[in-house]
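The values are calculated or read from the model by the stated rules, or taken from the named source; none is laboratory data. Everything quoted here is computed from the prediction, not taken from an experiment. Note that we place each Cβ from the backbone using ideal geometry, even for glycine, and neighbour counts take in every protein chain shown.
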Amino acid sequence: MERGVEDRNILDQFAEEFCTIVEKHVKYIIVSGFVAISHGRRRATEDIDMIIEKISLEVFDSLHSDLVNGGFQCLQSTKVTDIFEYLQKGDSVRYVRTGTFLPPEMEIKFAKDELDEMQIKTRVQLELTGMNIWFSNIDFNIAFKEELLKSDKDIEDAKHLRIIYSDEIDALFIDQIKEKIRRLRLQQ
């Protein structure tokens, strides 16, 4: 199933509303498939992937409360300590609009290593998307899709981003990121 303009508008609106709340509490980045989709690539997705800085339970409690008050609910639990524990263990949690269990979903993870921390430090707002959202920079997205994820859709996403940003990507930096991916993620 490919998403049309209406689905894209729903996904964009969901992402912007969610990110506006998160930005008040913690630095975050949007990564993976939504980066390519927000640049016009037509493909199916049910979730948006977000990485946030590691934060304390108190900060997370405030963030979660604002998300709930903003019309979102966590699928794993309604109990803040349980949700926080999932994140602390390295698992992801998913939020949807309150009262629905249907996509779109925001999948949140804590930064897990220096690669994620570097992505957050170099986050960018990508003008071509027309959205007020922080993304992982394009070089990181391409490197992760080509070196770690490697599914057919990820390779096509990377090709799409390479075309759109052909004048801006840094091939040497992408290679350096891929080396860090091999060292930090693939040798575990």
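Key figures for this structure:
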| quantity | calculated |
| --- | --- |
| Per-region count, the stretch 108-119, residues surrounded by fewer than 18 Cβ atoms within 10 Å (Cβ to Cβ) and under 16 Å from Y28 (Cβ atoms) | 4 |
| Residue match in the stretch 33-40 (condition: under 22 Å from L128 (Cα atoms) and surrounded by fewer than 16 Cβ atoms within 10 Å (Cβ to Cβ)) | yes |
| Meets criteria (of a type in the set (D, E), assigned to a loop (DSSP other than H, G, I, E, B), in contact with a Lys or Arg (Cβ under 8 Å, 6 or more places away or on another chain) and surrounded by fewer than 19 Cβ atoms within 10 Å (Cβ to Cβ)) for D91 | yes |
| Residue that is surrounded by the most Cβ atoms within 10 Å (Cβ to Cβ) [pool: residues in the stretch 94-104 that are at pLDDT 95 or above and within 14 Å of the chain's Cα centre (by Cα)] | Y95 |
| Residue that is surrounded by the fewest Cβ atoms within 10 Å (Cβ to Cβ), among those in the stretch 130-173 that are among the small types (G, A, S) and farther than 24 Å from V22 by Cα | S166 |
| Positions within the stretch 135-177 being farther than 24 Å from A15 by Cα and among the polar types (S, T, N, Q), in sequence order | S166, Q176 |
| Every residue from the stretch 94-116 that is in a strand (DSSP E or B), out of contact with any Phe, Trp or Tyr (no Cβ under 6 Å at 6 or more places or on another chain), within 14 Å of D49 (Cβ to Cβ) and not aromatic (F, W, Y) | R94, E105, E107, I108, K109 |
| Residues being more than 11 Å from the chain's Cα centre (by Cα), assigned to a helix (DSSP H, G or I) and either under 12 Å from I108 (Cα atoms) or not β-branched (V, I, T) (or both) - total across the stretch 9-55 | 11 |
